[in-house]
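A.B. asks: Dropping a structure here in structure tokens format, bear with me for questions.
Here, each number is a calculation from the coordinates, and none is a lab measurement. Just so we're clear, the structure is a prediction, and the values are computed from it rather than from any experiment. Glycine also receives a Cβ, built like all others from the backbone with ideal geometry; neighbour counts cover every protein chain displayed.
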Ligand code: ADP
Ligand code: MG
């Protein structure tokens, strides 16, 4: 009928606009490389902040002692303790995860940090004899804070802006370590922040600790970001003393990347316009877990309005922003059953649509595929851009190619198999067969938590 033809037309138009063919991805990668150069040349020189992390040495494995980490950056936050015993002994590790009450994500700085410090204090109270703090020393903490921060030193930095649904006005411009330290004092917790780090930097540290071939780290979770190891002489804006290592970890804040080559659609434009941070984090809004399901909802909304996709009435639930979460989308996308019963169940549970036809379900799976593939392909283009910046994107003639590993952390990459597979396939496609053998992504589960504890250890006051 005309209804299906119209829905089909909307779908094809969207598929066309989301295409991201290889040639287009190469342009995106080149734009990424160019922006990296610009962001390293001067502050404010690019959409990419290319933030200096103050990490000029990554953990070696010789670190010893008890260290804590606190990971704040999305919908959950985690507290971790690790006992490090140097190269000979394995890490002993305990952690606990808390979800952040939504009202604290848009309240006051005081309330958020009190909540975090309170949870940390409770966790510290459960420390048993397997963990030993050096006699007479304070416990030390690696603070993973996954928002853009202008770092002032290894253990201080001011918040530039919130992302990923956080919006706490009075914290912007404040030193987040100062805020945390004050909150720890308020709850009577005696602990010192040894390192303030971004989750990408933690993932890089944790990843490289496990595999020395790691050159960069990418987060694909609620949001997205990347960090990599840069040579200091390639950072014109760095005015500080040159580190002995000759290297510095750069937190790219790639979520804020944008380029005229990005395949943006009307759905992305309205999502952005109605977001908490319009005009910002455009790359992130195309590929991260917070947004993928919401893009799908917006496509379905148009199909419901213009093609009566769900019948004469628009399902009321479909009007609610973010009602389709990315894990729901992934579950539908991964549905292997012949009658797509998972899709049917999700439509019932999430949208209260009770009578979905197979045809309808198939089209929904297709929408998920288009949205996820575009995001995964763009993420691969971003990684390819970093490899180009590092000169690791081709096999050097006559030389044996070094291995390059990209450590990836985040719930999206970990759980959304079709997204992960598409990213890896696209990266191979961009690299070409010969090079692809030597360049791989590696899931670095909880790199950011363990990485933060390792960094706290390597920058400890007491070593
Ligand atoms: P964060 O990024 O908040 O630190 P995670 O790395 O755990 O936390 O990522 C959580 C995000 O990963 C969720 O917001 C969600 O978007 C995405 N995610 C989690 N599970 C799945 C899943 N099964 N399928 C697709 N995406 C998922
Ligand atoms: Mg995280």
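A.B. asks: Relative contact order of the range 56-197, please, whole-number percent, based on alpha carbon pairs below 8 angstrom and at least 6 residues apart.
C.D. replies: Here the relative contact order equals 26 percent.
A.B. asks: Then there is this: Calculate the length of the line joining the C-alpha centroid of the range 238-259 to that of the range 36-112, in whole Å.
C.D. replies: Cα centroid to Cα centroid, the span is 16 Å.
A.B. asks: Sticking with this one: With r defined as the distance between the Cβ atoms of residue 172 and residue 352 and R0 fixed at 45 Å, what FRET efficiency is calculated, to the nearest 0.05?
C.D. replies: It comes out at approximately 0.70.
A.B. asks: Further question: How high is the relative contact order of the chain, in percent, counting Cα pairs under 8 Å that sit 6 or more residues apart?
C.D. replies: Working: 900 pairs, mean separation 104.6, N = 463.
That works out to 23 percent.
A.B. asks: Looking at the square roots a ≥ b ≥ c of the eigenvalues of the Cα gyration tensor of the range 293-338, which shape do they give, rounded for a/c under 1.5, prolate if a/b is larger than b/c, or oblate?
C.D. replies: Oblate, because a/c is 1.5 or more while a/b does not exceed b/c.
A.B. asks: Determine, from the Cβ-Cβ distance of residue 334 and residue 30 and an R0 of 41 Å, the FRET efficiency 1/(1 + (r/R0)^6), rounded to the nearest 0.05.
C.D. replies: Taking R0 as 41 Å, the efficiency between residue 334 and residue 30 is 0.80.
A.B. asks: Using 7 Å Cα-to-Cβ label points, what is the residue 231/residue 104 separation (nm, one decimal)?
C.D. replies: It works out to 4.5 nm between the two label points.
A.B. asks: By how many degrees, between 0 and 90 and to the nearest 10, does the Cα long axis of helix 417-431 differ from the longest principal axis of the chain?
C.D. replies: 80 degrees
A.B. asks: What is the Cα centroid distance between the range 208-226 and the range 298-376, reported in whole angstrom?
C.D. replies: 32 Å
A.B. asks: Would you calculate, for the chain, the mean residue ellipticity at 222 nm contributed by helices, counting each DSSP H stretch of 4 or more residues as -39,500 (n - 2.57) and dividing by all residues, to the nearest 500?
C.D. replies: Using -39500 (n - 2.57) per qualifying helix, the result is -13500 deg cm²/dmol.
A.B. asks: Could you work out how much longer the chain between residue 187 and residue 274 gets when fully extended? Use 0.36 nm per residue separation minus the Cα distance between them, nm to one decimal.
C.D. replies: 27.6 nm
A.B. asks: Please give, to one decimal in nm, the separation of the simple spin-label points placed at residue 122 and residue 95, each 7 Å out from Cα toward the Cβ.
C.D. replies: For the pair residue 122/residue 95, the computed spacing is 1.9 nm.
A.B. asks: Taking square-rooted eigenvalues a ≥ b ≥ c of the alpha carbon gyration tensor, is the range 316-379 rounded, prolate or oblate, where a/c under 1.5 means rounded and, failing that, a/b exceeding b/c means prolate?
C.D. replies: oblate
A.B. asks: Can you list the residues of the range 338-373 with backbone N under 16 Å from a point 7 Å past the Cα of residue 319, pointing along Cα to Cβ?
C.D. replies: 351-353
A.B. asks: Multiply the residue separation of residue 152 and residue 130 by 0.36 nm, subtract the distance between their alpha-carbon atoms, and state the gained length in nm to one decimal.
C.D. replies: Additional length available on full extension: 4.4 nm.
A.B. asks: Moving on. Starting from 0.36 nm per residue, how many nanometres of slack lie between residue 37 and residue 12 once their C-alpha separation is accounted for?
C.D. replies: The residue 37-residue 12 span can extend by a further 5.3 nm.
A.B. asks: With only alpha-carbon atoms counted, please give the Rg and Dmax of the range 328-463, in Å.
C.D. replies: For the range 328-463, the Cα radius of gyration and maximum Cα-Cα distance read 20.1, 65 Å.
A.B. asks: What percentages make up the Cα-Cα pair-distance distribution of the range 56-197 when the bins are 5 Å wide from 0?
C.D. replies: For the range 56-197, the binned pair fractions read 2, 9, 19, 23, 20, 13, 8, 4, 1, 0 percent.
A.B. asks: Separate question: I'd like the FRET efficiency for residue 366 and residue 394, computed as 1/(1 + (r/R0)^6) with the beta carbon distance as r and R0 of 45 Å, rounded to 0.05.
C.D. replies: My answer for the efficiency is 0.80.
A.B. asks: I've got another one for you. Between the helical axis of 358-389 and the dominant principal axis of the chain, each derived from Cα atoms, what acute angle in degrees is found, rounded to the nearest 10?
C.D. replies: 40 degrees
A.B. asks: In addition: Using a simple spin-label model with points 7 Å from Cα along the Cα→Cβ vector, what separation in nm is obtained for residue 341 and residue 160?
C.D. replies: Roughly 4.9 nm, to one decimal.
A.B. asks: In the chain, what percentage of the DSSP-assigned beta bridges are antiparallel, given to the nearest 5?
C.D. replies: Working: 34 of 56 bridges.
Just about 60 percent of them are antiparallel.
A.B. asks: Given the convex hull over the Cα atoms of the chain, what projected area results after averaging over all orientations, in nm²?
C.D. replies: Numbers: hull surface 93.4 nm².
For the chain, the mean projected area of the Cα convex hull comes to 23.3 nm².
A.B. asks: Hey, what angle do you get for helix 176-186 against the long axis of the chain, alpha-carbon based, 0 to 90 degrees rounded to 10?
C.D. replies: 70 degrees
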